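In what follows, a single structure is set out as structure tokens and then discussed.
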Amino acid sequence: MTQTLRKCPDAFAETEIDDEVVLMDLSSGDFFSIKDSGLEIWNLLDQGLDRASLLAQLEQAYGVPRAELAGDVDAFLDQVMAAGFVTAG
């Protein structure tokens, strides 16, 4: 995925509570909780990064090789994209 990843703020309402972000899907009313490494990824999405740049930032921050991060990052991105909270383009 070489396209820029961007949040779709018209799709959700967001609030920060302690060490997590709670999103409400504006079309369904469903709630989602993002914390721990997911929260780090979520915050990095504000920078308008592509997947490779996102992995590079996480690799630098945590000292974990990209190959080890990729599966978890892709799973998170798949979930937020399927929910309509993030788009690539």
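Taking H as built 1.01 Å from N, whose amide H comes closer than 5 Å to the amide H of Leu49, not counting residues under 5 places away?
Leu5
Applying the Karplus parametrisation 6.51 cos²θ - 1.76 cosθ + 1.60 with θ = phi - 60° to the phi angles of segment 24-36, what ³J(HN,Hα) value in whole Hz is obtained for each residue in order, glycine and proline being reported as x?
Computed from phi, the couplings for segment 24-36 are 10, 5, 5, 8, 10, x, 6, 10, 10, 10, 10, 8, 6 Hz.
Hey, what number do you get for the chain at 222 nm if only DSSP H runs of n ≥ 4 count, each worth -39500 (n - 2.57), divided across all residues, to the nearest 500?
Roughly -13500 deg cm²/dmol at 222 nm, from the helical runs in the chain.
Rounded to the nearest 20 Debye, what is the dipole magnitude of the chain about its Cα centre when Lys and Arg each give +1 and Asp and Glu each give -1 at the C-beta? Don't skip to the end; give the middle numbers.
Numbers: 5 positive and 17 negative charges, 77 e Å.
Dipole of the chain, to the nearest 20 debye: 360 debye.
Karplus couplings for segment 44-50 from phi (6.51 cos²θ - 1.76 cosθ + 1.60, θ = phi - 60°), rounded to Hz, Gly and Pro as x?
Per residue, the Karplus-derived 3J(HN,Hα) values read 5, 4, 5, 7, x, 8, 8 Hz.
Once the piece of chain linking Met24 and Ala88 is laid out straight, how much longer is it, given 0.36 nm per residue of separation minus the C-alpha distance between them?
21.0 nm
To the nearest 10 degrees, how steeply does helix 51-62 sit against the main Cα axis of the chain, on a 0 to 90 scale?
For helix 51-62, the angle is close to 70 degrees.
For Val86, which sequence-distant residues (separation of 5 or more, or a different chain) have an amide H within less than 5 Å of its own amide H, given hydrogens modelled in the peptide plane?
Cys8, Met81
Would you kindly derive the ³J(HN,Hα) couplings of segment 69-81 from the backbone phi angles with the Karplus curve 6.51 cos²θ - 1.76 cosθ + 1.60 (θ = phi - 60°), listing them in order in whole Hz, with x for Gly and Pro?
7, 4, x, 5, 5, 5, 4, 5, 4, 4, 5, 6, 6
Which residues does a label at Asn43 reach in segment 4-31, if reach means a backbone N under 17 Å from a point 7 Å past the Cα toward the Cβ?
7, 14-23, by backbone N distance to the label point.
Quick query: amide H of Phe12 versus all other amide H atoms, modeled in the peptide plane; which residues come in under 5 Å with a sequence gap of 5 or more or a different chain?
Leu26
Laboratory data are not the source of any read-out in this text; all were calculated from the coordinates shown. Bear in mind the structure is a predicted one, so any value in this text is a computation, not a measurement. When we count neighbours, we look across all protein chains shown, and the Cβ atoms used for this are built from the backbone with ideal geometry, even at glycine.
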